[in-house]
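I have placed the structure first, in the form of structure tokens, so that the comments after it can refer back to it.
The values are calculated or read from the model by the stated rules, or taken from the named source; none is laboratory data. Computed from a predicted structure; not experimentally measured. When we count neighbours, we look across all protein chains shown, and the Cβ atoms used for this are built from the backbone with ideal geometry, even at glycine.
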Amino acid sequence: MSLVLGAIADDFTGATDLANNLVRAGMRCVQLIGVPDDALDLGDVDAVVVALKSRSCPVDEAVADSVAALEWLQARGARQCFFKYCSTFDSTDAGNIGPVADALIEQLGGGQTVMVPAFPTNGRSVYQGHLFVGDRLLNDSGMQHHPLNPMTDADLVRVLGRQTPHAVGLAARPTLARGSDATRAHLADLAADGVRHVICDSLDEQDLEVLAEAVVDYPLVTGGSGLGQALPEQYRRRGWLAEVSEPGRLAPAAGGALVLSGSCSRATLGQVAEFLAHHPGMALDPLQLAEGEAHFDAALAFAREQLASGGPVLVYASADPEQVKAAQQSLGVARAGELVEQALGKLARTLVDEGVGRLVVAGGESSGAVVSALGIRQLRIGGQIDPGVPWTQTPLPGREAPLSLALKSGNFGAQDFFTRAFTVLDELTGGRRMSDHKAPSAHLGQESQLREQIATLGKSLFDRGLTMGSSGNISVRLDDGGWLMTPTNACLGRLDPGSISRLDVNGDWQGGDKPTKEHFLHMAMYAERPRSGAIVHLHSTHSVAVSCLPGIDPCDCIPPLTAYYVMRVGKLPLVPYHIPGDPSLGDAVRGLAGQHSAVLLANHGPVVAGKNLEAAVYATEELEETAKLFLMLRGENPRALTPEQVAELEARFPRD
């Protein structure tokens, strides 16, 4: 098939984010760096994303580069063009979003386009034309202090109106709620009134799906990665996009494994420490780099020696704030950073020339330095390691195997990212499918093992009918005090381990997809049960049926029919009905969780804690089977265990 989507992104990381989401939605994708030339061989792809540096450059330069990229994409038959900008609409009154969008529309022959910056999964939403970051208006989210593009107005109709001479309109949520036909008709009415740009409300993925269906035939659409993730399904319905079983599959990887890190973010510091617990590494000191070549030569010799032994190796300038501050005070902020980036770029170039074929780079500036040093112009996008960070591949002159490259922003990735990255690459390039969740290797960190276990057990529960659709959620406690939790609207039968939500010690969303809207249920149970390591909440049929019965004992919904029910569940109190998502339900659960490892939510389902995930799953299964027995035996006056028998079981088999 010919090229389906040609995208133009106003910065490198935004381009990678869009490309990653297109792959996840089923498109084979290549990312190009800078305005392309005719010599590039794209291979068999469905989408191309061109990464420019046009977000904050002079308007004329941004327009010229964007139009040149569009002409290149048009020449390759792209059915639709996508202008990608940040989900926080980073721009000033001078541009560059408005002027670039106008220039692209004119290049395509005029007409109308939509502006869809929302990405609800990442907390970016638009309502009545106002952009929200989480629950805060854009101008109260911290973006008002952005050093280059301070965003002091959340009204996007007004913001864009200052950047373009053309009319700006709004497609509001009530219109979207009526479906794609109503939305398409509204857009046509605005176009008849001369409205060129339409800001679109979007509160959830369903809004994005409605918009994608309404604008799939537009020559140009604009926005963030949320709209990009929704479009491929519409392309398939049009017959433009063939089904590809594994769009993120990459060519076989070969060569040494190297990690270079220049980021000093808290997340990266944890990743460095986790890697060093299993593999060798050497720290780069800017002060020593400033003294001459000896320190760089030592780092290069160290890396060569470790690569020769066959294992992955880390060279890092990541350091705690006090060390960074000392180097910056001595050398100056710019000089200290420059020395590190030059060293990392030179290491990458030298070691790749000598045979490194698998390379992870941490830090935005460090990634830029490495990409520049290696002269990379195109990246084939593979599957993601963790949310927002895919493996990529680029051809190397004179080498049969491509260079496999992962470029990670400082705050992205789980704690075992550096180690897990190479395991994921094996899955993407070897014989094993990404969906084949095998038992994790012993060298993987705790977090990766738990992510895999959540996906494996979630699928088991789904396959056996204990949960259905996107109902139910699972969480586990991490050693660092944080939590892993299944995402909102996620099917337990099709969980991506890398997309599972991560919450910090305060229960705040830290990474992965947005956590389940019932996360407060889990937090309430954990608060009262410090020894519990995991919680499972399902809408399992027989347990829910019991929760709907009149006349059951609210202090103990199911009698002690079997020994294993007593051992794994114990007494099961009933929590009065609350509408799903009501935070006061957490308070009701908290009042019972201290004395009970499981509770039953009226007309809703069970919430079960265990010392670990396996124990919580087993207890949930035992509860569901006992609920089934209870319903089968109603009216039969069954023989339950005596209080003495229950007491003996609880004494011999204590739960968490």
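Mind checking which residues of segment 80-114 are within 18 Å of LYS53 (Cβ to Cβ), aliphatic (A, V, I, L, M) and in a helix (DSSP H, G or I)?
Correct list: ILE97, VAL100, ALA101, ALA103, LEU104.
Please find, among GLU614, GLU650, the residue that is modelled with pLDDT under 95 and touching a Gly at 6+ places or on another chain (Cβ under 8 Å).
GLU650
In the list VAL536, VAL566, which residue meets the criterion of being part of a strand (DSSP E or B) and either of a type in the set (A, V, I, L, M) or farther than 30 Å from GLY481 by Cβ (or both)?
VAL536
For every residue, the table says whether it meets (1) within 44 Å of the chain's Cα centre (by Cα); (2) in contact (Cβ under 8 Å) with a residue 12 or more places away in the chain; (3) within 26 Å of THR456 (Cβ to Cβ); (4) in a loop (DSSP other than H, G, I, E, B).
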position	(1), (2), (3), (4)
ALA615	yes, yes, yes, no
ALA619	yes, yes, yes, no
GLU622	yes, yes, yes, no
PHE630	yes, yes, no, no
GLY635	no, no, no, yes
LEU641	no, yes, no, yes
VAL646	no, yes, no, no
PRO654	yes, no, no, yes
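Considering only residues that are surrounded by fewer than 23 Cβ atoms within 10 Å (Cβ to Cβ) and of a type in the set (Gly, Ala, Ser), look in segment 95-113 and name the one that is nearest to the chain's Cα centre (by Cα).
ALA103
Return the total of residues in segment 602-613 being closer than 23 Å to LEU457 by Cα and either assigned to a helix (DSSP H, G or I) or without any contact (Cβ under 8 Å) to a residue 60 or more places away in the chain (or both).
1
For (1) touching a strand residue (DSSP E or B) at 6+ places or on another chain (Cβ under 6 Å); (2) over 18 Å from VAL536 (Cβ atoms); (3) outside the structural domain of LEU538 (by TED's automatic domain parsing), each residue gets a yes or a no:
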residue: TYR564; (1), (2), (3): no, no, no
residue: HIS596; (1), (2), (3): no, no, no
residue: GLY610; (1), (2), (3): yes, no, no
residue: GLU621; (1), (2), (3): no, no, no
residue: LEU631; (1), (2), (3): no, yes, no
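Restricting attention to segment 244-265, report how many residues are assigned to a loop (DSSP other than H, G, I, E, B) and in contact with a helix residue (DSSP H, G or I) (Cβ under 7 Å, 6 or more places away or on another chain).
Qualifying residue count, segment 244-265: 10.
Quick one: in segment 182-209, which of the residues that are in contact (Cβ under 8 Å) with a residue 12 or more places away in the chain and charged (D, E, K, R) is surrounded by the fewest Cβ atoms within 10 Å (Cβ to Cβ)? Quick ask: steps written out before the conclusion?
Let us first name the residues in segment 182-209 that are in contact (Cβ under 8 Å) with a residue 12 or more places away in the chain, namely 183-184, 186-187, 190-191, 193-205, 207-209.
If we keep only those that are charged (D, E, K, R) as well, we get 184, 193, 196, 201, 204-205, 207, 209.
Values: ARG184: 18, ASP193: 9, ARG196: 20, ASP201: 23, ASP204: 16, GLU205: 17, ASP207: 26, GLU209: 19.
Out of the qualifying residues, it is ASP193.
Can you tell me which of SER330, SER372 is at pLDDT 85 or above and either more than 19 Å from CYS264 (Cβ to Cβ) or buried (at least 21 other Cβ atoms within 10 Å of the Cβ) (or both)?
Going through SER330, SER372 in turn, just one is at pLDDT 85 or above and either more than 19 Å from CYS264 (Cβ to Cβ) or buried (at least 21 other Cβ atoms within 10 Å of the Cβ) (or both): SER372.
Has segment 292-306 got any residue that is assigned by TED's automatic domain parsing to the domain that holds GLY364, closer than 24 Å to LEU379 by Cβ and not β-branched (Val, Ile, Thr)? Spell out the reasoning first.
As a first pass, look at segment 292-306 and keep what is assigned by TED's automatic domain parsing to the domain that holds GLY364: 292-306.
Then keep just the ones that are closer than 24 Å to LEU379 by Cβ; that gives 303.
Checking the rest, the ones that are also not β-branched (Val, Ile, Thr) come to 303.
Yes: segment 292-306 contains one or more residues that are assigned by TED's automatic domain parsing to the domain that holds GLY364, closer than 24 Å to LEU379 by Cβ and not β-branched (Val, Ile, Thr).
Return a yes/no flag: does segment 588-603 have any residue that is over 38 Å from the mean Cα position of the chain (by Cα), surrounded by 17 or more Cβ atoms within 10 Å (Cβ to Cβ) and either among the β-branched types (Val, Ile, Thr) or farther than 28 Å from LEU492 by Cβ (or both).
Within segment 588-603, not a single residue is over 38 Å from the mean Cα position of the chain (by Cα), surrounded by 17 or more Cβ atoms within 10 Å (Cβ to Cβ) and either among the β-branched types (Val, Ile, Thr) or farther than 28 Å from LEU492 by Cβ (or both).
Identify the single condition in (1) farther than 30 Å from PHE422 by Cβ; (2) in contact with a strand residue (DSSP E or B) (Cβ under 9 Å, 6 or more places away or on another chain); (3) in a helix (DSSP H, G or I); (4) of a type outside the set (Val, Ile, Thr) that TYR218 does not satisfy, given that it satisfies every other one.
(3)
Search segment 545-582 for residues being in contact with a Pro (Cβ under 6 Å, 6 or more places away or on another chain) and in contact (Cβ under 8 Å) with a residue 24 or more places away in the chain, and hand back the single one that is surrounded by the fewest Cβ atoms within 10 Å (Cβ to Cβ).
So the residue we want is LEU574.
Do we find that ASN473 is touching a helix residue (DSSP H, G or I) at 6+ places or on another chain (Cβ under 9 Å) and at pLDDT 90 or above in this structure?
When the stated conditions are applied, ASN473 passes them.
Could you please find all residues in segment 248-260 being crowded, with 20+ Cβ neighbours inside 10 Å, under 19 Å from GLY355 (Cα atoms) and of a type outside the set (A, V, I, L, M)?
Listed by number, the residues that qualify are GLY255, GLY256.
Residues that are free of Cβ contacts under 8 Å to residues at least 40 places away in the same chain: find the strands (runs of 3 or more DSSP E) completely inside segment 348-420 holding 2 or more of those.
Values: elements: 356-362, 378-386, 389-394, 403-408.
Strands (runs of 3 or more DSSP E) meeting the threshold: none at all.
Can you pull out the residues in segment 231-259 that are in contact with a Leu (Cβ under 8 Å, 6 or more places away or on another chain), at pLDDT 95 or above and under 20 Å from LEU18 (Cα atoms)?
Scanning segment 231-259 gives LEU231, PRO232, TYR235.
How many of the residues in segment 164-181 are touching a Ser or Thr at 6+ places or on another chain (Cβ under 7 Å) and either at pLDDT below 95 or surrounded by fewer than 23 Cβ atoms within 10 Å (Cβ to Cβ) (or both)?
So the answer is 1.
If you go through segment 482-492 one residue at a time, do you hit one that is at pLDDT below 95, surrounded by fewer than 22 Cβ atoms within 10 Å (Cβ to Cβ) and over 21 Å from GLN384 (Cα atoms)?
yes
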